[in-house]
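S.K.: Sharing a structure here in structure tokens format.
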Amino acid sequence: MTQKAVLLDRGVVRVSGEDAESFLQGVLTNDVEKLGPHEARYAALLTPQGKILFDFLVVRLPDDDGAAFALDCAASQAADLAKRLRFYKLRAKVAISDESADHCVLAYWGGRGEGSEPGGIAYADPRAAEVGWREILPRAKGLAIGEAGFSDYEALRISLGVPKGGVDFVYADAFPHEAKLDLLHGVDFEKGCYVGQEVVSRMKHRGGARKRVVRVRLDGAAPAPGTPVMDGQLPVGTLGSSAGASGLAMLRLDRVEDAKVAGRRLSAGGVGVEVEAAAK
């Protein structure tokens with residue numbers, strides 16, 4: 001298979017300084033102390049009530065004696081993420097900067113499976129091996145590669161059941177379990193405290209989430225993201241991103257099960273919806 005590459009709509013926030021590791025360890029859902037250079041972890045910054053404000057890949061950079069990290073985040077969130085981290089900074093010896101104007105993120109998949117641009121910072125996507133690799137590099141190089149393969153990358157992401165924040169779940173409204181962070185290695189349940197940790201732990205111990213992002217099959221042209229998924233007149237959830245007949249949807253698992261037992265078909269915007277997987 002030939003390796004493919006595409007420029008993603010992602011931003012880059014840098015966190016560096018002698019307290020960078022301990023600072024991030026104290027606020028993020030995942031354990032950054034175990035990261036080696038060029039390694040990444042999926043993580044989130046939550047509200048005190050346990051809902052996702054930002055999700056991103058945390059990469060330990062190979063410079064500054066390992067005391068620097070890059071957060072590969074949604075481009076639309078980079079400035080707000082940097083601002084929120086500064087809010088938690090207090091007296092920690094860290095520098096936080098939004099470097100999105102100068103740096104971008106590429107995704108690679110297929111082929112030999114790693115970044116290939118000289119001077120880039122390459123790392124495996126930690127959510128699922130099949131998603132491939134990412135690479136942070138100067139924006140001019142990324143723009144030269146372009147976005148021509150974006151629809152192919154989206155189809156891969158959706159086929160693997162990897163949600164996209166702002167489309168498949170709503171920021172400040174979804175818990176980590178609902179957005180599959182627990183299944184995509186985005187939460188370390190053994191690490192110490194972080195913002196929202198108590199709520200996430202309670203959800204785990206009570207057996208999971210009442211609703212989840214799940215993979216679905218569509219019987220026709222995909223309705224727009226945000227279209228309600230219905231069991232007759234009863235709302236079951238919301239459709240997210242789609243590629244052809246495949247899609248993702250945030251659904252109430254109990255209502256999906258009730259419809260299945262009764263033999264009723266779900267629909268969204270008049271299009272039939274079949275749930276492929278509803279992991280708990």
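S.K.: What does the stretch 166-271 give for Rg and for Dmax, in Å, if only its C-alpha atoms count?
M.R.: Rg and Dmax of the stretch 166-271, Cα atoms, are 15.1, 47 Å.
S.K.: If you don't mind, another one. How much of the accessible area of the chain, probe 1.4 Å, is carbon plus sulfur, in whole percent?
M.R.: 50 percent
S.K.: Would you calculate the volume per residue, in Å³, of the smallest convex hull containing every Cα atom of the stretch 1-62?
M.R.: 130 Å³
S.K.: Report, to the nearest 10°, how far helix 253-262 tilts away from the longest principal axis of the Cα atoms in the chain, using its own Cα long axis and a range of 0 to 90°.
M.R.: 20 degrees
S.K.: Another question, if that's okay. GLU33: net charge of surrounding residues, Cβ under 14 Å, Lys/Arg +1, Asp/Glu -1, itself excluded?
M.R.: Summing Lys and Arg as +1 and Asp and Glu as -1 gives -2.
S.K.: Dipole of the stretch 96-175 (Lys/Arg Cβ +1, Asp/Glu Cβ -1, origin at the Cα centre): which of PHE175, CYS104, PRO126 lies farthest to the positive side?
M.R.: Highest projection toward the positive end goes to PRO126.
S.K.: OK, next. When the Karplus curve 6.51 cos²θ - 1.76 cosθ + 1.60 is applied with θ = phi - 60°, which whole-Hz ³J(HN,Hα) does each residue of the stretch 17-25 get, with x for Gly and Pro?
M.R.: Once θ is set to phi - 60°, the couplings for the stretch 17-25 become x, 5, 9, 4, 5, 5, 4, 5, 4 Hz.
S.K.: Hey, another quick one. Towards the positive end of the charge dipole of the chain, with charges on Cβ (+1 Lys, Arg; -1 Asp, Glu), say which of GLN49, ALA74, ASN30 has the farthest Cα.
M.R.: GLN49
S.K.: Quick check for me: using +1 on Lys/Arg Cβ and -1 on Asp/Glu Cβ, what's the dipole size of the stretch 130-280 about its Cα centre, in debye to the nearest 20? Intermediate results must be reported in sequence, preceding the final value.
M.R.: Numbers: 21 positive and 19 negative charges, 51 e Å.
Value, rounded to 20: 240 debye.
S.K.: Here's a follow-up. Just the number please: accessible area per residue for the chain, 1.4 Å probe, all protein chains included, in Å².
M.R.: Values: 12650 Å² over 280 residues.
Accessible surface, normalised per residue, equals 45 Å².
S.K.: Lys and Arg at +1, Asp and Glu at -1: add these up for the other residues within a Cβ distance under 10 Å of GLY232 and post the number.
M.R.: So the environment of GLY232 carries a net charge of +1.
S.K.: Placing +1 at every Lys and Arg Cβ and -1 at every Asp and Glu Cβ, with all other atoms neutral, what dipole size does the stretch 22-140 have around its Cα centre, in debye to the nearest 20? Write down the numbers at each step before the final one.
M.R.: On the way: 14 positive and 17 negative charges, 114 e Å.
About 540 debye.
S.K.: Under a plain spin-label model, where a point goes 7 Å from the Cα along Cα-to-Cβ, how far apart in nm are ASP9 and ASP63?
M.R.: Reported label-point gap for ASP9 and ASP63 is 3.0 nm.
S.K.: Semi-axes of the equivalent ellipsoid of the chain: what are they in whole Å, largest first, if each equals the square root of 5 times a C-alpha gyration tensor eigenvalue?
M.R.: The answer is 33, 24, 15 Å, longest axis first.
S.K.: Right, something else. Given H placed on each backbone N at 1.01 Å, which residues far from VAL6 in sequence or on other chains put an amide H within less than 5 Å of it?
M.R.: Long-range HN contacts for VAL6: ALA107.
S.K.: Next question. What FRET efficiency would be calculated for the residue pair ARG202, ARG139, taking the C-beta separation as r and a Förster radius of 45 Å, to the nearest 0.05? Working shown, then result.
M.R.: Working: r = 42 Å, r/R0 = 0.93.
FRET efficiency, ARG202 to ARG139: 0.60.
S.K.: On to the next question. To the nearest 20 debye, what is the magnitude of the charge dipole of the stretch 119-210 about its Cα centre, counting +1 on the Cβ of each Lys and Arg and -1 on the Cβ of each Asp and Glu?
M.R.: Working: 12 positive and 13 negative charges, 37 e Å.
The calculated dipole for the stretch 119-210 is roughly 180 debye.
S.K.: Apply the Karplus curve 6.51 cos²θ - 1.76 cosθ + 1.60, θ = phi - 60°, to the phi angles in the stretch 263-276 and return the couplings in whole Hz, x for Gly and Pro.
M.R.: x, 8, 9, 7, 8, 9, x, x, 9, x, 10, 10, 7, 8
The values are calculated or read from the model by the stated rules, or taken from the named source; none is laboratory data. Predicted model only: the values in this text are computed from it and were never measured. Counting neighbours? That spans all protein chains shown, and the Cβs are built from the backbone with ideal geometry, glycine included. Surface areas here come from the heavy atoms of the whole protein model, side chains and all, with no ligands, DNA or RNA. Shrake-Rupley method; radii C 1.70, N 1.55, O 1.52, S 1.80 Å.
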